Amino acid sequence: MGNQFCRDLKYIFRIVFMFFLLWVVFPVHVHGHSLSREIFFEETDHQLEVIRIKGEEPGLTVLIFGGIHGDEPGGYFSSEILPRIKLIKGNLIIVPRVNFPSIMLNRREVHGDMNRKFVPREKPDDPDAEVVKVLKGLMKEADVFINQHDAYGFHRETYISKMYNQYRYGQSLIIDCGNFYSQKLKKQVNLSVIGKRILERVNRQIKNKDHQFGFWDHNSVAKNTKFPEMKKSATYYALTTYSIPAFGLETSRDLPTLYHKVKYQLVVIKEILREFGLEFIPPSPTVATPVLYWVEFLKNQRDIIRVNSNTNLRLAPGDKIVIKKIFSNSDWGLSANILNWGSINDVNKEFVFEKIKNVTTILVKKNHLSIGKIYLRNYRKNSVREIILEVNGEQKRIPNWGKIDLRQGEYFKILKTYPEFPNIRFDVRGFSVRPGKRDDSDTEIYPKDLIPKVFV
């Protein structure tokens, strides 16, 4: 008895000591920052998500762009991970998917190179003009700017091989000017010294020397620069218009995995943030495999239905459906395309079904990755169109794949289908049938009787 008491006392002491460490010794690790999310051009192909993170203590604001080129996943996947940061001092503005149409299509560009559109005036007929205008406004809020990319090869000061030389952009940190006076920061900023100092710390963290970063000053501000096209880039615009330090961050397309690209992007960003006085606990570079749980539709402006991946959704001519929400293990970068109809992202657009000879497919994506398909088909003669339930004593007709909401204490009972079919059996997933019964019909089922479905 005494030994058990001592063991219990030690266990309690460990728990109390753990909470003491969390809440007293390391309070900033627990009391998080504030995070807000703003969406521009919602329900359009060029939807733009902007995430603002405010640290507990004031400091400089760093703006980060990911995905200005849609075939460079290292940038936009790492930008999605960044909001997991625990920010203690300073502020972040993160735009994970600057060029969402090109990301969905896994193409560098759709309406021309967006990173060559940062000029004093946008072309009014350019489909990217509205997005670029918002991005410029975000630069005005920032004190430091980082533009994320992926590129081929590995940058080195001198020629080593076809893959490792001074002309390759991969694994490089690029600036447009070595030394300038920042009106925003009210001091002289030597970007060459700062950039090289950042990469010294970065490369100490990369054991594989082949993967280490090189520094590159394009000197784009000079009249005789070797890179005149960079005068239309986002970093050049941030530097010359808003007088803020700007970095082009390039990981290599030739790295072995996406994990490597994300990890190195985050390592460099971490050291840039530290260089400019931000304090934080960095996020893990883990990239979760995207998983589709289901897609929620509004049918005929009345019924909510939820459909799993690789499912046939049967409809009658004239039925109207709207893709309302995609449920996944990620909330960001999701799109649904009804192939051969609408545009590349058909979320929240009404689709009127017509009788078809072939299958119509809804392709669901996370960024450029396909995570599921739903097939739209005609009703067959033996198709169940509705399930008739008793819900708290009231009869209701729920469309196939329909959704009902129950509070604790309420119940539902399955009565029959429409049309009715002989010898049909009902199986409520997560509910055990009553002894001696083959199916779950004509049984009052309460939420407490159901096993919750947990996604991990």
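The values are calculated or read from the model by the stated rules, or taken from the named source; none is laboratory data. These figures come from a predicted structure and were not determined experimentally. Note: ideal-geometry Cβ built from the backbone for every residue, glycine included; neighbour counts use all protein chains shown.
For segment 386-393, indicate whether the set of residues that are closer than 30 Å to Asn345 by Cα and surrounded by 15 or more Cβ atoms within 10 Å (Cβ to Cβ) is non-empty. Yes, because at least one residue in segment 386-393 is closer than 30 Å to Asn345 by Cα and surrounded by 15 or more Cβ atoms within 10 Å (Cβ to Cβ). Pairs linking a residue in segment 229-247 that is of a type in the set (Asp, Glu) to a residue that is modelled with pLDDT of 95 or more, with Cβ atoms under 8 Å and 6 or more positions apart or on different chains, are Glu229/Arg116. For segment 223-272, the set of residues classified as crowded, with 18+ Cβ neighbours inside 10 Å and either in contact with a Pro (Cβ under 6 Å, 6 or more places away or on another chain) or among the aromatic types (Phe, Trp, Tyr) (or both) consists of Tyr236, Tyr237, Tyr242, Phe247, Val262, Lys263, Tyr264, Leu266, Lys270, listed by residue number. Filtered by the rule that a residue be surrounded by fewer than 19 Cβ atoms within 10 Å (Cβ to Cβ), within 21 Å of Leu87 (Cβ to Cβ) and in contact with a strand residue (DSSP E or B) (Cβ under 7 Å, 6 or more places away or on another chain), segment 277-299 gives Gly277, Glu279, Ile281.
Asn308: surrounded by fewer than 21 Cβ atoms within 10 Å (Cβ to Cβ), touching an Asp or Glu at 6+ places or on another chain (Cβ under 7 Å), not assigned by TED's automatic domain parsing to the domain that holds Ser252 and not β-branched (Val, Ile, Thr), yes or no? No.
Screening Leu185 against (1) in contact with a Leu (Cβ under 9 Å, 6 or more places away or on another chain); (2) surrounded by fewer than 19 Cβ atoms within 10 Å (Cβ to Cβ); (3) within 17 Å of Phe227 (Cβ to Cβ) leaves a single unmet condition, (3).
Could you tell me whether segment 165-172 includes any residue that is closer than 23 Å to Thr257 by Cα, within 27 Å of the chain's Cα centre (by Cα) and assigned to a helix (DSSP H, G or I)? I'd like the intermediate steps shown before the answer.
Here is the first cut: in segment 165-172, the residues closer than 23 Å to Thr257 by Cα are 165, 167-172.
Applying the additional criterion that residues be within 27 Å of the chain's Cα centre (by Cα) yields 169-172.
Narrowing the set further to residues that are assigned to a helix (DSSP H, G or I) leaves none.
Within segment 165-172 (the criterion being closer than 23 Å to Thr257 by Cα, within 27 Å of the chain's Cα centre (by Cα) and assigned to a helix (DSSP H, G or I)), the answer is no, since none of the residues qualifies.
Given the criteria loosely packed, with under 15 Cβ neighbours inside 10 Å, assigned by TED's automatic domain parsing to the domain that holds Ile362 and within 30 Å of Ile94 (Cβ to Cβ), does Asn348 qualify? It would help to see each step written out before you state the result.
Working: loosely packed, with under 15 Cβ neighbours inside 10 Å: yes; assigned by TED's automatic domain parsing to the domain that holds Ile362: yes; within 30 Å of Ile94 (Cβ to Cβ): yes.
So Asn348 fits the description; yes.
Yes/no matrix, rows are residues, columns are (1) within 25 Å of Leu173 (Cα to Cα); (2) buried (at least 22 other Cβ atoms within 10 Å of the Cβ); (3) without any contact (Cβ under 8 Å) to a residue 60 or more places away in the chain; (4) not β-branched (Val, Ile, Thr):
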{"site": "Glu109", "(1), (2), (3), (4)": "yes, no, yes, yes"}
{"site": "Val119", "(1), (2), (3), (4)": "yes, no, no, no"}
{"site": "Lys133", "(1), (2), (3), (4)": "no, no, yes, yes"}
{"site": "Asp150", "(1), (2), (3), (4)": "yes, yes, no, yes"}
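For (1) crowded, with 17+ Cβ neighbours inside 10 Å; (2) within 18 Å of Gly137 (Cβ to Cβ), each residue gets a yes or a no:
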position	(1), (2)
Ser34	no, no
Arg37	no, yes
His46	yes, yes
Ile51	yes, yes
Leu63	yes, yes
Gly75	yes, no
